[in-house]
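A quick write-up on the structure given underneath.
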Amino acid sequence: MSGHSAASLALISMVQGVHEVAEVLEGLYSERGGFEGGVELRPVLSVGGRLIEGPKIDDRRFRVLNPLPNRRRFLSVDASMKVLFDCGSFKVVLIKVAAAVWRWRSLPRRYPIRKRFALVFSKLDAKEVLLRAELEEIEKAIEDLGPGDYCVLDRPLMAVPALREETRRLLEELDDELWGRGVVLMGVCKASKLKLNTGESLIGYLNYRGSRLLRGSAWFYHPVFKSSQYPPWYVGEPCIVKFSGEAEHAFRVDVSRRALAEGDLERYLGELAFLQDASTPGYPYPVRGVHEDAKITEYEVEVDRALLLEELARRGLLERFLSDVRSSSFKEEALWGSIF
């Protein structure tokens, strides 16, 4: 019983499974690199129900990342979504899109904020609507970019087969158009499902490992998989990046495969790493800036709810619509009161 306080022992006795979970994690985090017997650590990728194993994790793939001073333009776009009404089988959502061009020692050029209503019937619908909103916004701003500039999204660069063909084609054509202008398309992802063959998070492990190998330094890890292992709908190739030695977090960063084939990954990442906010080291400011601009406030939600209800009333659809909403809102109304 040594090592546990009386309070922690009492808590453990009330919550089942704590020892079992700790034991599994102990195996997962073993210095041997896996569960019983130890295994070589490899990244794994699930494609169409098939599991692809990448090259074993190799410390030689870690490289120091040096921020490179530059005057490149960085176009960044982000879209956010809030549910206005839950009608059971579908939801009415509000989408807000923000875009800006950032350049060192220059005020950002912010484009007009755009908002739109949409109906979504599934999580995939919601993801597709957000992606299309971002891609359409980029098309409006693309004329402001030239050779050597960047377009940075807050998402992985994947035209997954589950998306409609038209949406997949939009992303692929945008990549072609940008590279035709000499513009590098990149995606910085706040979350990633990439993992190791042991089940551990790939980014989590590489962050742990890289922060010990290159203590106090920014770094990147590449390649994660062989280029030939990625399916054709991977518009970008992932690498794992820690933008600042002072930061706690590392990110998956996708870089256009077209740009990688003809350019310099270290330069691309170094020029992006140069644009960081001192108050939030480790996260490129263009992405952070539009993320903040795209946030939807509760006031906006209330105003835009009222706008839609007014339009439905004008068309004689309000009573039918509210009946749909009430079909899924009993819990909220019973606990918190009317949502109208």
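The figures follow:
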| item | result |
| --- | --- |
| Complete set of residues in segment 139-172 that are in a helix (DSSP H, G or I) and under 21 Å from GLU262 (Cβ atoms) | ILE142, LEU171, GLU172 |
| Residue check for ARG132: basic (Lys, Arg), exposed (fewer than 13 other Cβ atoms within 10 Å of the Cβ) and part of a helix (DSSP H, G or I) | no |
| Test: residue in segment 284-307 that is closer than 17 Å to LYS190 by Cβ, without any contact (Cβ under 8 Å) to a residue 60 or more places away in the chain and crowded, with 18+ Cβ neighbours inside 10 Å | yes |
| Filtered residues of segment 308-340 (kept if modelled with pLDDT under 60 and surrounded by 10 or more Cβ atoms within 10 Å (Cβ to Cβ)) | GLU332, GLU333, ILE339, PHE340 |
| Unmet criterion (only one of (1) loosely packed, with under 15 Cβ neighbours inside 10 Å; (2) touching a Lys or Arg at 6+ places or on another chain (Cβ under 7 Å); (3) at pLDDT 90 or above; (4) under 27 Å from GLY245 (Cβ atoms)) for ASP277 | (3) |
| In segment 16-74, residue modelled with the lowest pLDDT [restricted to those that are under 23 Å from PRO223 (Cα atoms) and among the acidic types (Asp, Glu)] | GLU31 |
| Hits in segment 168-191 (condition: within 20 Å of the chain's Cα centre (by Cα) and buried (at least 18 other Cβ atoms within 10 Å of the Cβ)) | ARG168, LEU170, LEU171, LEU174, ASP175, VAL184, LEU185, MET186, GLY187, VAL188, CYS189 |
| Only listed residue being modelled with pLDDT of 95 or more and in contact with a Ser or Thr (Cβ under 8 Å, 6 or more places away or on another chain), chosen from LEU178, LEU206 | LEU178 |
| Residue that is more than 18 Å from ASN70 (Cα to Cα) and free of Cβ contacts under 8 Å to residues at least 24 places away in the same chain, where the choices are PRO238, PRO232 | PRO232 |
| Residue match in segment 84-98 (condition: out of contact with any strand residue (DSSP E or B) (no Cβ under 9 Å at 6 or more places or on another chain) and not aromatic (Phe, Trp, Tyr)) | yes |
| Failed item in (1) on the phi < 0 side of the Ramachandran plot; (2) free of Cβ contacts under 8 Å to residues at least 60 places away in the same chain, with GLY216 passing the rest | (1) |
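The values are calculated or read from the model by the stated rules, or taken from the named source; none is laboratory data. In this text, all values refer to a predicted model and were calculated from it rather than measured experimentally. Backbone-built Cβ (ideal geometry, glycine too); neighbour counts: all protein chains shown.
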